[in-house]
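Student: This is the structure I have questions about; it appears just below.
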Amino acid sequence: MTWFAHQAPAVGLKLARPRWFDGTALCVGTIMPDTLLSVGEELGIDSHTWPSAVLLGVPIGVALTVLFRLVVAPLAATMLPDLGPFRLWSFGVLADRRPRWWTTVTSVVVGIVTHVVLDWFTHGERWLPQRLGYADTTVTWFGDTMTAPEALQIVGHIGLSITTVALAWHLGRHRKLEEWYGADTVERARTATLGPGAVVGWYATVALGAAAGAAWAGSSFWVVGVERVAVGVYVGAIVGAALVRRVANVSVSGSLGEQRVAVGVGPVEPAEQIRAGHDRRVP
């Protein structure tokens, strides 16, 4: 599965060469091969091989990148726990700068490629285990016998997931978003708040999306089922964020150096807690 192992190369590349890549697009690209499993059987494609991975993954990945960056991130970041050094509230800043379109497209492609290449090592039916002769080699761990690719998959998921968490900690702990976007811009994003009505509405829509995904999953193979639930969550997050903005006419407000103070849903009346010039409407 995609979470969080396949994110490790994406986060690593962004940290190593921040000007070369669109970090959001890299991360979205890494989930596309697995996300497309949700419709792979119906479309008769293998989303982990060329050209399907690119022909379908790139346009869908670019669309998701734009929606996540411009619609979801500014609101969702205000409704998540900050998690200390991970500084999740800071990710509301993603909408404040939009990379060039070709950077986004190439980053989605790179994200897809990293996923497919990693899976070459850990799926016995792929060409690499067949070529190197370990596709049918068995390994016994703690009384369980499995193939070598399956064992590599377990080790890879654990190791790369830990790597992703460590890189995310590094990104927050060393204030990389401040370095890339500017400290003032990030601080405004971190102090942005929403009223309880907006929060409940968004989470309710995400839950409805997950429920719809579960219904779609039905009795399908568990991997496909998980991806269909994930697709439901993605759609719910996007639709929920769009509805909160449209129906509530919500304004995400914040002020430099102040505590997070909840602002009610609807037109925001002048408030003493918000200094002029520092309130920020969702892009």
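Student: Which one is farthest from Ala5 (Cα to Cα), of the residues in the stretch 122-145 that are among the aliphatic types (A, V, I, L, M) and in a helix (DSSP H, G or I)?
Tutor: My answer is Leu132.
Student: Here are some residues: Pro18, Pro59. Which one is in a helix (DSSP H, G or I) and not aliphatic (A, V, I, L, M)?
Tutor: Pro59
Student: Here's a follow-up. Modelled with pLDDT under 95, assigned to a helix (DSSP H, G or I) and touching a helix residue (DSSP H, G or I) at 6+ places or on another chain (Cβ under 7 Å) - does that describe any residue in the stretch 206-223?
Tutor: Narrowing the stretch 206-223 to residues modelled with pLDDT under 95: 218-223.
Of the ones still in play, those that are also assigned to a helix (DSSP H, G or I) are 222-223.
Filter once more, keeping what is touching a helix residue (DSSP H, G or I) at 6+ places or on another chain (Cβ under 7 Å): 223.
The answer is yes; a qualifying residue exists.
Student: Ok, one more. Could you tell me which numbered condition Arg228 fails, if it satisfies all but one of (1) modelled with pLDDT under 95; (2) in contact with a helix residue (DSSP H, G or I) (Cβ under 6 Å, 6 or more places away or on another chain)?
Tutor: Of everything listed in (1) modelled with pLDDT under 95; (2) in contact with a helix residue (DSSP H, G or I) (Cβ under 6 Å, 6 or more places away or on another chain), Arg228 misses just condition (1).
Student: Could you figure out which of (1) in contact (Cβ under 8 Å) with a residue 60 or more places away in the chain; (2) farther than 23 Å from Val239 by Cβ; (3) among the small types (Gly, Ala, Ser) isn't true of Ala25?
Tutor: Of (1) in contact (Cβ under 8 Å) with a residue 60 or more places away in the chain; (2) farther than 23 Å from Val239 by Cβ; (3) among the small types (Gly, Ala, Ser), only one is false for Ala25: (2).
Student: From (1) under 19 Å from Ala77 (Cβ atoms); (2) surrounded by fewer than 20 Cβ atoms within 10 Å (Cβ to Cβ); (3) of a type in the set (Ser, Thr, Tyr), pick out the condition that doesn't hold for Thr164.
Tutor: Of everything listed in (1) under 19 Å from Ala77 (Cβ atoms); (2) surrounded by fewer than 20 Cβ atoms within 10 Å (Cβ to Cβ); (3) of a type in the set (Ser, Thr, Tyr), Thr164 misses just condition (2).
Student: Applying the selection to the stretch 62-84, what residues are outside any helix (DSSP H, G or I) and either within 15 Å of the chain's Cα centre (by Cα) or crowded, with 23+ Cβ neighbours inside 10 Å (or both)?
Tutor: Within the stretch 62-84, just Leu80 meets the criteria.
Student: Now, a different point. I'd like the full set of residues that are closer than 23 Å to Thr35 by Cβ and either free of Cβ contacts under 8 Å to residues at least 60 places away in the same chain or acidic (Asp, Glu) (or both), limited to the stretch 119-145.
Tutor: Asp119, Trp120, Phe121, Thr122, Gly124, Glu125, Trp127, Leu128
Student: On the basis of being closer than 21 Å to Trp169 by Cα and of a type in the set (Asp, Glu), does Asp96 make the cut?
Tutor: In short, no.
Student: Do we have Val116 as assigned to a helix (DSSP H, G or I) and either over 30 Å from Thr137 (Cα atoms) or free of Cβ contacts under 8 Å to residues at least 40 places away in the same chain (or both) here?
Tutor: no
Student: Working carefully through the options Asp46, Asp34, find the one that is among the acidic types (Asp, Glu), within 18 Å of Arg228 (Cα to Cα) and touching an Asp or Glu at 6+ places or on another chain (Cβ under 9 Å).
Tutor: Details: Asp46 fails: touching an Asp or Glu at 6+ places or on another chain (Cβ under 9 Å).
Result: Asp34 is the single residue among Asp46, Asp34 that is among the acidic types (Asp, Glu), within 18 Å of Arg228 (Cα to Cα) and touching an Asp or Glu at 6+ places or on another chain (Cβ under 9 Å).
Student: Does Glu187 qualify as being acidic (Asp, Glu) and either surrounded by 14 or more Cβ atoms within 10 Å (Cβ to Cβ) or farther than 30 Å from Arg19 by Cβ (or both)?
Tutor: Against the criterion (acidic (Asp, Glu) and either surrounded by 14 or more Cβ atoms within 10 Å (Cβ to Cβ) or farther than 30 Å from Arg19 by Cβ (or both)), Glu187 qualifies.
Student: Note down all Cβ pairs under 6 Å where the first residue falls in the stretch 149-162 and is within 13 Å of Tyr134 (Cβ to Cβ) and without any contact (Cβ under 8 Å) to a residue 60 or more places away in the chain, the second is assigned to a helix (DSSP H, G or I) and among the polar types (S, T, N, Q), and they're at least six residues apart or on different chains.
Tutor: Matching pairs, first to second residue: Pro149/Thr122; Leu152/Thr122; Gln153/Thr122.
Yes/no per residue for (1) assigned to a loop (DSSP other than H, G, I, E, B); (2) over 19 Å from Trp102 (Cβ atoms); (3) of a type in the set (A, V, I, L, M):
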site	(1), (2), (3)
Ala8	no, yes, yes
Cys27	no, no, no
Glu41	no, yes, no
Ile45	yes, yes, yes
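Student: Within the stretch 87-109, identify whether any single residue is in contact (Cβ under 8 Å) with a residue 60 or more places away in the chain and under 30 Å from Gly133 (Cα atoms), and answer yes or no.
Tutor: Checking the stretch 87-109: at least one residue is in contact (Cβ under 8 Å) with a residue 60 or more places away in the chain and under 30 Å from Gly133 (Cα atoms).
The values are calculated or read from the model by the stated rules, or taken from the named source; none is laboratory data. All of these numbers come straight from a predicted model, not from anything done at the bench. All Cβ positions, even for glycine, are placed from backbone atoms using ideal geometry, and neighbour counts span all protein chains on display.
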